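Q: Next up is a structure, given as structure tokens.
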Amino acid sequence: MNPIDMKVMLFAAGLGTRLQPFTLTAPKALYPINGIPLLERNITYLKSFGFQNFVINVHHFADQIIEFLKINNNFEVQIQISDESDELLETGGGLLKAQQLLGENPFLVMNADILTDMNMSDFVKFHFEKNPLVSLAVSNRTSTRKLLFDKNFGLCGWKDLRDGESIIQNEDYQHEMAFSGIHIIHPDFFDLNTFHGKFSIMKPYMHLMSQHPIVGYDHTGSKLIDVGKPESVVLAEKWFD
């Protein structure tokens, strides 16, 4: 499948409390890095690989995001809005709400506050070669939470390094990797998921990993930064001009 035929879900609904005072009056997705808002950076970045169809969820200052897209003519791509103004649903709930907009083919999901230079075409190719339920972009970097994978990079657990909380299916896991906030999901996920309302996407992944292939795509070596806190902004502005 070519990226031009694959829809993208961009999560842009978060409150961005760690980026206050900016997010007291504006959405995190419009936080500028070297003068260019995160949302614009990711749309143009994904567009460079051929992606043309986007679904963007909104909640915090939703009207500002909608107006920003309008005045920029949607950056010459197709954009549909999944409106969570009434209730912020987290990643899992937000995905369920947008289900009818995402179509019947595998789709790419990305957090709007992630900046990376990983090759998305390679990621798409990997997904269709492996044909799992979900492909997770991961890398070997510092993180407070890690996903656990077996020797074949099949997902088999999760752990929080701060408090020791964990879900481990296979004690012989071989890899501890940081999730990059980027995944490709087969639409069968919606039929298999048993969670509803407001929930993290990781909950159904932990529930489904023993019966359905969820695999890691190691992009260690690519630049990636979560622009969710002030100290990350300095590095983001160094890496992404």
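Q: Name the longest site-free stretch of the chain, where the excluded sites are trypsin sites (Lys or Arg not before Pro) in a DSSP loop with no more than 15 other beta-carbon atoms within 10 Å. Walk me through the numbers on the way to the answer.
A: Numbers: sites that count: Arg141, Lys151, Arg162, Lys198, Lys223.
The longest uninterrupted stretch comes out as 1-140.
Q: Of all DSSP beta bridges located in the chain, what percent are antiparallel, nearest 5?
A: Details: 26 of 47 bridges.
Roughly 55 percent of the DSSP beta bridges within the chain come out antiparallel.
Q: Mind checking the angle between helix 38-47 and the chain's longest principal axis? C-alpha axes, 0 to 90 degrees, to the nearest 10.
A: Orientation of helix 38-47: about 70 degrees from the principal axis.
Q: Another question, then. Can you tell me the equivalent ellipsoid semi-axes for the range 1-138? Use √(5λ) from the Cα gyration tensor, largest first, whole Å. Intermediate results must be reported in sequence, preceding the final value.
A: Numbers: eigenvalues 117, 54, 41 Å².
Semi-axis lengths for the range 1-138 are 24, 16, 14 Å.
Q: Out of all DSSP beta bridges in the range 1-116, what portion is antiparallel? Express it as a percent rounded to 5.
A: Here the antiparallel bridges make up roughly 10 percent for the range 1-116.
Q: Sum up the charges of everything whose Cβ sits under 12 Å from the Cβ of Ala13, counting Lys and Arg as +1 and Asp and Glu as -1, but leave Ala13 out.
A: On the way: positive: Lys28, Lys97, Lys198; negative: Asp83, Glu84, Asp86, Glu87, Glu90, Asp113.
Summing Lys and Arg as +1 and Asp and Glu as -1 gives -3.
Q: Sticking with this one: Taking Cα atoms, how many degrees apart are the long axis of helix 120-130 and the longest axis of the chain, rounded to 10 and kept between 0 and 90?
A: Roughly 30 degrees between the two axes.
Q: Which semi-axis lengths, in whole Å and largest first, follow from the square roots of five times the eigenvalues of the Cα gyration tensor of the range 36-117?
A: Working: eigenvalues 70, 53, 31 Å².
The answer is 19, 16, 12 Å, longest axis first.
Q: So how long is each side of the chain along the principal axes, counting just the alpha-carbon atoms, biggest first, in Å?
A: Here the Cα extents, ordered largest to smallest, are 51, 38, 34 Å.
Q: In addition: Determine, from the Cβ-Cβ distance of Phe75 and Gln100 and an R0 of 35 Å, the FRET efficiency 1/(1 + (r/R0)^6), rounded to the nearest 0.05.
A: Details: r = 23 Å, r/R0 = 0.66.
E between Phe75 and Gln100, to the nearest 0.05, is 0.90.
Q: While we're here: By accessible area of protein heavy atoms, probe 1.4 Å, what ranking do Glu129, Glu165, Glu176 get, highest first? Provide the component values of the computation, followed by the final result.
A: Details: Glu129 125, Glu165 105, Glu176 65 Å².
Solvent-accessible surface, decreasing: Glu129, Glu165, Glu176.
Q: In a shell of Cβ-Cβ distance under 12 Å around Asn105, excluding Asn105 itself, what net charge do Lys and Arg (+1) and Asp and Glu (-1) give?
A: Working: positive: Lys7; negative: Asp5, Glu104, Asp188.
It works out to a net charge of -2.
Q: Shifting gears a bit: Could you state the accessible area per residue of the range 177-241 in Å², with a 1.4 Å probe and every protein chain left in place?
A: Numbers: 3090 Å² over 65 residues.
Computed with neighbouring chains in place, this is 48 Å² per residue.
Q: Output the Cα-based Rg and Dmax of the range 87-139 in Å, rounding Rg to one decimal and Dmax to a whole number.
A: Looking at the range 87-139, its Cα Rg and Dmax stand at 12.7, 37 Å.
Q: Between Glu171 and Thr144, what's the calculated FRET efficiency when r is the beta-carbon distance and R0 is 22 Å? Round to 0.05. Before the final figure, lay out the partial values.
A: On the way: r = 21 Å, r/R0 = 0.97.
It comes out at approximately 0.55.
Q: Can you give the charge dipole size of the chain about its Cα centre, rounded to the nearest 20 debye, using +1 on the beta carbon of Lys and Arg and -1 on the beta carbon of Asp and Glu? Before the final figure, lay out each step's value.
A: Details: 20 positive and 29 negative charges, 65 e Å.
I would put it at about 320 debye.
Q: Using 0.36 nm per residue of separation minus the Cα-Cα distance, give me the extension gain between Leu15 and Leu235 in nm, one decimal.
A: On the way: separation 220, 0.36 × 220 = 79.20 nm, distance 2.14 nm.
Result for the pair: 77.1 nm of gain on full extension.
Q: Given R₀ = 22 Å, FRET efficiency for Thr25-Asp117 by Cβ-Cβ distance, to 0.05? It would help to have the intermediate numbers written out before the result.
A: Numbers: r = 30 Å, r/R0 = 1.37.
Rounded to the nearest 0.05, the efficiency is 0.15.
Q: When the scattering of the range 67-210 is computed by the Debye formula from its Cα atoms alone, each counted once and equally, what is log10 I(q)/I(0) at q = 0.16, 0.20 Å⁻¹?
A: -0.99, -1.48
Q: Additional query: Once both axes come from the Cα atoms, what is the angle between helix 230-239 and the longest principal axis of the chain, in degrees from 0 to 90, rounded to 10?
A: The angle comes out at about 90 degrees.
Q: Here's another thing I want to ask about it. Please report, in whole Å, how far the alpha carbons of the range 144-241 spread along each principal axis, starting with the longest.
A: Principal extents (Cα only, largest first): 42, 32, 26 Å.
The values are calculated or read from the model by the stated rules, or taken from the named source; none is laboratory data. Here the structure is a predicted model, which is why all the values come from computation and not from measurement. Don't worry about glycine lacking a Cβ; one is built from the backbone with ideal geometry, like all the others, and counts go over all protein chains shown. With ligands, DNA and RNA removed, areas are computed over all heavy atoms of the protein, side chains included. Shrake-Rupley method; radii C 1.70, N 1.55, O 1.52, S 1.80 Å.
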